[in-house]
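The values are calculated or read from the model by the stated rules, or taken from the named source; none is laboratory data. Since the model is a prediction, treat every value here as computed from it, not as a measurement. We place every Cβ from the backbone using ideal geometry, glycine too, and count neighbours over all the protein chains shown.
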Amino acid sequence: MGLKSFAQFELQKRGNSETIGFTFRNNLIIISLTINGRGPFNFVLDTGVGVLLITDPSLKDSLDLKSLRTITITGFGEGKDLDANITSPLAIVINSDIRASIPAAILKADVFGLSAYTGMSIHGLLGAEFFNSFIVKINYPLKTLKIYKPETLYIPKKGHPVDISIENGKPYVFTEIAADSGKVLKTKLIIDTGSGHPVWLESFGDKPIKVPARSINSNLGIGLSGAIEGKLARISYLKIGKYKLKNVVAAFPDFADAGAKVTVKRDGNLGNALLKKFDVVFDYSRGKMYLKPNHEFKQPFEHDMSGMELAFLPPDFKRLYIARINSGSAAEDCGLQVNDEILSINFKPVKDMDLDDMYSLFRSREGAGILIQVLPYGRSRAEFVLMHLKRRI
């Protein structure tokens, strides 16, 4: 990619630890930070990125950044590689006491569109520099990060140790998976807190992993170079360390060369929808991850049963639209269409609802009736639509 920087953050206060609150939206960890004394800005904490990445190109002017050189960034998805500007070191501050001087890559266009899908302004991604600097504990239920200076050798009580390897600043782990055929595969996965899926399976032994017979077409997300299409299906189990998670929803990208442009060979990634079932501690310096099941551990994996993808309209992210409808889904069955505006769900205005609460409702129970007030695209009069949730995998 032309830029490698694992420059360290420092905890500039007495004591060996600090607690940081985070926002959890659409299975993404979002923290607040300042850059060169300006902000605050919202960044996704993403173990899958190797450099500080500014996805909002307007920050170039907001931060008055000049004389920037250009590099090419290679990523997943259909389309060409992207050009980005590289900055001189920026003064990054988190929680006033966590500081670093780090260069960043600024994308020339916001290809991710994370703001629309989280309902809040997202300015970038932070990964390797942060996780290489501390022992990091993620408490998903409390929405807190607790960082420890590496020399403290923090080991959580009852935390199960799992070996990880740090390659190009990113964490990898070996897991065992079994598809519905019963065939067991030992897979190398990148641990990716920037992924909302439980698990993403690209290939095994340089060949595509066979998709289970019962699957659905899906937009799996956005890569650096465009939309990533594929299928969603269930695998019999995934085993990480001593923990075996059953009937896991897995994403299967459908492009033949998945992973061909990455620098470290892997079979896929492990995302937040699975990690959030644990209290997770990353200790990059010692090649360890600790897992301790939380109250979500025994909850079954469930996929959205509405079959529609929602997006908020900038700049205030208060108005909610249908961005995509899957064929054969509950949303299609009840007549909803792309670009329809959602006004309320079960009589509650969307402006008073949290996005994750909406998706939890859409995963609640097959056959459940959801009353949606919608303003059809191009019309001036709202109407109510009753949608019955439909499990498709």
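Remarks
- Selection count where residues are surrounded by 17 or more Cβ atoms within 10 Å (Cβ to Cβ) and assigned to a loop (DSSP other than H, G, I, E, B), scope region 121-140: 7
- Enumeration of residues in region 193-215 that are at pLDDT below 90 and either assigned to a strand (DSSP E or B) or under 30 Å from ILE71 (Cβ atoms) (or both): GLU202, SER203, PHE204, ASP206, LYS207, PRO208
- The listed residue being outside the structural domain of HIS197 (by TED's automatic domain parsing), part of a helix (DSSP H, G or I) and touching a residue at least 24 places away in the same chain (Cβ under 8 Å), out of TYR359, TYR377: TYR359
- Residue-level check: of (1) at pLDDT below 95; (2) more than 11 Å from the chain's Cα centre (by Cα), ARG25 misses just (2).
- Single unsatisfied condition, TYR321 versus (1) surrounded by 14 or more Cβ atoms within 10 Å (Cβ to Cβ); (2) in a strand (DSSP E or B); (3) in contact (Cβ under 8 Å) with a residue 24 or more places away in the chain: (3)
- Yes/no for SER380 being among the hydroxyl-bearing types (Ser, Thr, Tyr) and under 26 Å from ILE29 (Cα atoms): no
- Annotation: of all residues in region 169-198 being within 20 Å of the chain's Cα centre (by Cα) and among the small types (Gly, Ala, Ser), the one that is nearest to LYS137 (Cα to Cα) is GLY194.
- Test: LYS143 is surrounded by fewer than 16 Cβ atoms within 10 Å (Cβ to Cβ), under 29 Å from LEU90 (Cα atoms), among the basic types (Lys, Arg) and not assigned by TED's automatic domain parsing to the domain that holds ASP279: yes
- Condition check for THR70 on (1) among the hydroxyl-bearing types (Ser, Thr, Tyr); (2) part of a loop (DSSP other than H, G, I, E, B); (3) more than 18 Å from PHE22 (Cα to Cα): one failure, at (2).
- Positions within region 168-192 being of a type in the set (A, V, I, L, M, F, W, C) and part of a strand (DSSP E or B), in sequence order: VAL173, PHE174, ILE177, ALA178, VAL184, LEU185, LEU189, ILE190, ILE191
- Of everything in region 146-167 that is touching a helix residue (DSSP H, G or I) at 6+ places or on another chain (Cβ under 9 Å) and either of a type in the set (A, V, I, L, M) or part of a strand (DSSP E or B) (or both), the residue that is farthest from PHE252 (Cα to Cα) is LEU153.
- First in region 240-261 and closer than 24 Å to HIS160 by Cα and charged (D, E, K, R), second anywhere and outside any loop (DSSP other than H, G, I, E, B) and at pLDDT 90 or above, Cβ under 8 Å, 6 or more apart: LYS242/HIS160; LYS244/TYR237; LYS244/LEU238; LYS246/SER236; LYS246/TYR237
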